[in-house]
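**Student:** Sharing a structure below in structure tokens format, with a few things to ask.
The values are calculated or read from the model by the stated rules, or taken from the named source; none is laboratory data. Everything numeric here is computed off the predicted structure, so don't read it as measured data. Here the Cβ positions follow ideal geometry from the backbone for every residue, glycine too, while neighbour counts run over all protein chains shown.
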Amino acid sequence: MHDEIAHSKRLAAIGEMGASIAHEIRNPLAGIGGAAQMLLKSVKDNPRQVAILNEIIILVFRIENTVNQMLDYARAWTPNQALITPMQLLKEVATEAETMENFKQISFKFSGDDSIAIPLDEDLIRQVLWNLFKNSAEAMPDGGELSCHVQATQNELIVSIQDHGMGMDDETIKKLFTPFFTTKIYGTGLGLPICQRIIEAHKGSIAIHSALGEGTTISLRFPFNAQPRQIEDVQ
Ligand code: ADP
Ligand code: MG
């Protein structure tokens, strides 16, 4: 228990440090990117210099992406909750994803309750779904099914996302929510920690079930008050 508290304090410290480093890095980085863009115009006839500048621009873009994710992670989330239909949001994010290269071979499936509504912050949950879809697509490089399910109980609304990708071993599962943990060459390791912070800001929880070589299911649980519909119907 003691260890756990020390661990979470350490993570919080890393988060704060990350945010201040991120702020320090953003402006000079934008300067480097802008300067490289300008130089690109004046070296048009020299393919080698064009290649070097393009490499700089790509690398700057990658750091910018990491820095933005660090700021996202460290930021205090205050959800702005309004009634939304999770199934509709899942379908919207899936439709956006389908236009992208790494989703070309992914086929989305939807099941469960498609009309149930719950107060959530649409933009933040959109970000969570996008991160989860992206992880699933990256776990299925040869394509496959990505199944989304919405289900409500008396006091919970559960959104689950299942892939049949490479799955994870227990050691990987343990580290999933540690900022910067990644097994990918160009990963930031901030996707799931950001998801966790957003879900917890909604007083919900995120759970992972995964088996190596079989796939992964992520379940998001939100507190939910089922309307006493049956009672009203009877009256
Ligand atoms: P990133 O995607 O940048 O690596 P994430 O926080 O999104 O960071 O994920 C952390 C790690 O968790 C990934 O590098 C990967 O090893 C593992 N992971 C997450 N989602 C899945 C999934 N659906 N299938 C297999 N592995 C996953
Ligand atoms: Mg990710």
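**Student:** List every residue pair whose Cβ atoms lie under 9 Å apart, where the two residues are 6 or more positions apart in sequence or sit on different chains, the first residue falls within region 115-142 and is closer than 18 Å to TYR73 by Cα, and the second residue, located anywhere, is more than 13 Å from ligand 1 (Cβ to nearest atom) and hydroxyl-bearing (Ser, Thr, Tyr).
**Tutor:** Within 9 Å, the pairs are ASP121/THR78.
**Student:** Ok, one more. Quick check: is even one residue across region 11-27 at pLDDT 90 or above, out of contact with any strand residue (DSSP E or B) (no Cβ under 8 Å at 6 or more places or on another chain) and among the polar types (S, T, N, Q)?
**Tutor:** no
**Student:** Let me confirm something: among PHE180, PHE222, which residue is in contact with a Ser or Thr (Cβ under 8 Å, 6 or more places away or on another chain) and not basic (Lys, Arg)?
**Tutor:** Only one candidate passes the filter, namely PHE180.
**Student:** Could you list all residues from region 182-229 that are hydrophobic (A, V, I, L, M, F, W, C) and surrounded by 15 or more Cβ atoms within 10 Å (Cβ to Cβ)?
**Tutor:** LEU190, LEU192, ILE194, CYS195, ILE198, ILE199, ALA201, ILE206, ILE218, LEU220, PHE222, PHE224
**Student:** For region 94-108, does any single residue satisfy the condition of being of a type in the set (Lys, Arg), exposed (fewer than 15 other Cβ atoms within 10 Å of the Cβ) and over 30 Å from ALA22 (Cβ atoms)?
**Tutor:** Scanning region 94-108, I find at least one residue that is of a type in the set (Lys, Arg), exposed (fewer than 15 other Cβ atoms within 10 Å of the Cβ) and over 30 Å from ALA22 (Cβ atoms), so the answer is yes.
**Student:** Looking at the structure I just gave you, is ILE106 β-branched (Val, Ile, Thr) and within 16 Å of ligand 2 (Cβ to nearest atom)?
**Tutor:** Spelling it out, ILE106 is indeed β-branched (Val, Ile, Thr) and within 16 Å of ligand 2 (Cβ to nearest atom).
**Student:** Of all residues being at pLDDT 90 or above, polar (S, T, N, Q) and part of a helix (DSSP H, G or I) in region 28-65, which is farthest from LEU190 (Cα to Cα)? Just the residue, please.
**Tutor:** SER42
**Student:** Please name all residue pairs, on different chains or six or more residues apart, with Cβ atoms under 6 Å, provided the first residue is in region 182-208 and is without any contact (Cβ under 8 Å) to a residue 12 or more places away in the chain and the second residue is more than 10 Å from ligand 2 (Cβ to nearest atom) and part of a loop (DSSP other than H, G, I, E, B).
**Tutor:** What qualifies is GLY189/PHE180; GLY189/PHE181.
**Student:** On to the next question. If I filter region 85-103 for residues that are closer than 30 Å to LEU146 by Cα, in contact (Cβ under 8 Å) with a residue 24 or more places away in the chain and assigned to a loop (DSSP other than H, G, I, E, B), do I get at least one hit?
**Tutor:** yes
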